[in-house]
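The values are calculated or read from the model by the stated rules, or taken from the named source; none is laboratory data. Only a predicted model underlies this, so the values are computations on that prediction, with no experimental measurement involved. Virtual Cβ from ideal backbone geometry, glycine too; neighbours counted across all protein chains shown. The area values use the complete protein model at the heavy-atom level, side chains included, leaving out ligands, DNA and RNA. Shrake-Rupley method; radii C 1.70, N 1.55, O 1.52, S 1.80 Å.
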Amino acid sequence: MQIDHFYRDSWVEINLDDVEYNIKQLAEHIGEDKGIYAVVKANAYGHGYVQIAQAALNAGASALAVAFLDEALHLRQAGIQAAILVMGATRPEDAAIAADHDITLTFYRKDWLEAVRTQQLAKTLRLHMKLDTGMGRIGFRTSEEIRSVVSLLEDPSLHLEGVFTHFATADEADLAYFEGQRSKLDALLKTLREVWNDPITIHTDNSAASMRFAAEESDYVRFGIGMYGLYPSKIVKEEHPISLRQAFSLHSRIVHVKQLEAHEAVSYGATYETDGPEWIGTLPIGYADGWIRKMQGFEVLVDGKRMPIVGRVCMDQCMIKLDQAYPVGTEVVLIGTQQGVCISMDEAADWVETINYEVPCLIGARMPRVYKHAGQTVEVANTLYSGRTF
Ligand SMILES: Cc1ncc(COP(=O)(O)O)c(C=O)c1O
């Protein structure tokens, strides 16, 4: 167990049991013949690369997916040996590093394959072909493009292991665009099967698609947001195809309490003015932690009651209006449950007019993360001076 100390009164708690629960719920839902890529890019959506990767693999995920090679190397450096797919762009000159570390890369351009073939790869490079069936991001879009790269793939240092696409609207009520993407996918896969005889794994479904209508032809799903216990959209949440548990909660403690007189102001711009005598608490968390300025006016939980954030959120602190005096050190929940009252990630996302994906991603590296398993703290991670005790 690694315990990094931290010396501030704000922290994230990640419940690894919830991550495992969510993986198991999905595994049961999609059936045994499909594998799960646990999507742990972007610091596992702000939850912690290595801790989430390990929890996901323990719970039955078959492999990991990230956006960039640096993220995959971070996982390898931490000793993770599972298969890792880089789903985004990698420079051709970095292909050898990926091959050396058994990291699978995504390709979507002919000139990329040509450039990789000019390199001396000491080990076979595993590749997944990305198809753009309507996301408009990266991927081959036509049968001609697929045909044009087949001969390049017949290179002993390359191994075409998989093919995948990504859906743009699998979480929406209107499924017309999604169906269109699936038809395009069928046509492109038909071409690929005509020109490539070796077995290839197929993976098409993100959380929304895997929870709602896991495609029959897919060997794997790519499970991101659902693994963290969040539904990809309100529609999917209402449909509730599987039960999920939000793993992330955000905590702080009151570091200062004071009573202001009527008509006194709080924070930059003096935008908040007290109506009468008011108890104001200060929390050591601000926009530099990802608790962005738009959180002004949102609520936090103190003693199981909702209290508003008043005045502008500062870089490292923000102020809340209290219903009474509370002692310094009183715990505050900014996202999560306190005494049975819940402020969900979805509610926080709604307040700042974004999606639930963005909120934990914003909570930055300065914020310590405390990992819980079976009710116990199993790790405390502080990236500011990881592994050192002061
Ligand atoms: C290519 C790809 N696959 C899978 C995912 C996971 O999506 P979700 O978090 O909705 O499950 C993402 C996330 O953006 C992605 O870019």
Quick one: which residues, 5 or more positions from C318 or on another chain, have an amide H under 5 Å from its amide H? H modelled 1.01 Å from N in the peptide plane, none for Pro or chain starts.
L283, I285
Over the chain: helical MRE at 222 nm, DSSP H runs n ≥ 4 each giving -39500 (n - 2.57), nearest 500:
-8000 deg cm²/dmol
Base-10 log of normalised Debye intensity for the stretch 87-161 (one unit scatterer per alpha-carbon) at q = 0.24 Å⁻¹
-1.14
Assign one of three labels to the stretch 16-228, namely rounded, prolate or oblate, based on the Cα gyration tensor with a ≥ b ≥ c the square roots of its eigenvalues; rounded applies when a/c is under 1.5, prolate when it is not and a/b is larger than b/c, and oblate otherwise.
oblate
Once you compute Rg and the Kirkwood Rh from C-alpha atoms, what is the Rg to Rh ratio for the stretch 180-333?
1.26
In µm²/s, what is D for the stretch 259-390 at 10 °C and 1.306 mPa s, where D = kT/(6 pi eta Rh) by Stokes-Einstein and Rh is the Kirkwood radius from Cα pairs?
99 µm²/s
From the phi angles alone, apply the Karplus equation (6.51, -1.76, 1.60; θ = phi - 60°) to the stretch 46-56 and give each ³J(HN,Hα) in whole Hz, x where the residue is Gly or Pro.
x, 8, x, 3, 6, 5, 6, 4, 5, 5, 5
Note the per residue figure in Å³ for the convex hull of the C-alpha positions in the stretch 320-390.
162 Å³
In debye, nearest 20: dipole of the stretch 248-381 around its Cα centre with unit charges on the Cβ of K, R (+) and D, E (-)?
380 debye
Along the stretch 93-98, Karplus-curve 3J(HN,Hα) (6.51, -1.76, 1.60; θ = phi - 60°) to the nearest Hz, with x for Gly and Pro, reads 5, 9, 4, 5, 5, 4
Simple spin-label model, 7 Å along Cα-to-Cβ: H159 to R147 in nm?
3.0 nm
The computed P(r) of the stretch 234-276 puts the percent of Cα pairs beyond 14 Å at 72 percent
Amide H of R253 versus every other amide H placed in the peptide plane: which residues, excluding those fewer than 5 positions away on the same chain, fall under 5 Å?
V332
Coordinate range along principal axes, alpha carbons of the stretch 54-104, Å, largest first
35, 19, 13
Over 22 Å between Cα atoms: which of K34/K130; K321/K372; K41/K130; K24/K184; K258/K321; K24/K237 fall into that group?
K321/K372; K24/K184
Taking only protein heavy atoms into account and a 1.4 Å probe, give the accessible area per residue of the chain in Å².
44 Å²
When the dipole is taken about the Cα centre of the chain, and only Lys, Arg (+1) and Asp, Glu (-1) are charged at their Cβ, what size is it in debye, to the nearest 20?
600 debye
Students often get this wrong: which residues of the stretch 371-390 have the backbone nitrogen under 15 Å from the point 7 angstrom along Cα-to-C-beta of I3?
371-373, 376-382, 387-390
Residue with peak Gaussian network fluctuation, the chain [Cα springs, cutoff 10 Å], from A270, A288, A65
A270
Given a 1.4 angstrom probe, I'd like the percentage of the accessible area of the stretch 228-289 that is carbon and sulfur, rounded to a whole number.
49 percent
5 angstrom amide H check on I335, placed H, neighbours 5+ away
L250
What FRET efficiency do you get for R193 and E261 if R0 is 45 Å and r is their Cβ-Cβ distance, rounded to the nearest 0.05?
0.05
Distance in nm between pseudo-label sites at F390 and T118 (7 Å out along the Cβ direction from Cα):
4.9 nm
Using a Gaussian network for the chain with springs between C-alpha atoms less than 10 Å apart, which of these wobbles most: G35, G375, G60?
G375
Given N residues in the chain, what is its alpha carbon radius of gyration divided by 2.2 N^0.38 Å?
1.12
Which GluC sites (Glu not before Pro) in the stretch 122-162 sit in a loop by DSSP (not H, G, I, E or B) and have at most 10 other Cβ atoms within 10 Å of their own Cβ?
E154
Candidates N15, N206, N197: whichever shows maximal mean-square fluctuation once the chain is modelled as a Gaussian network with Cα springs under 10 Å:
N197
Extension gain from T330 to K305, taking 0.36 nm per residue of separation minus the Cα-Cα distance:
7.7 nm
Column: log10 I(q)/I(0), Debye, Cα scatterers of the stretch 1-130, q = 0.13, 0.15, 0.19 Å⁻¹
-0.61, -0.77, -1.05
Can you pull the Rg over Rh of the stretch 287-361, Cα-only, Kirkwood?
0.95
Derived scalar couplings ³J(HN,Hα) [the stretch 354-359; Karplus, 6.51 cos²θ - 1.76 cosθ + 1.60; whole Hz; x for Gly, Pro]
9, 9, 4, 4, 6, 5
Candidates per GluC sites (Glu not before Pro) in the stretch 260-368, loop by DSSP, up to 12 other Cβ within 10 Å
E261, E353
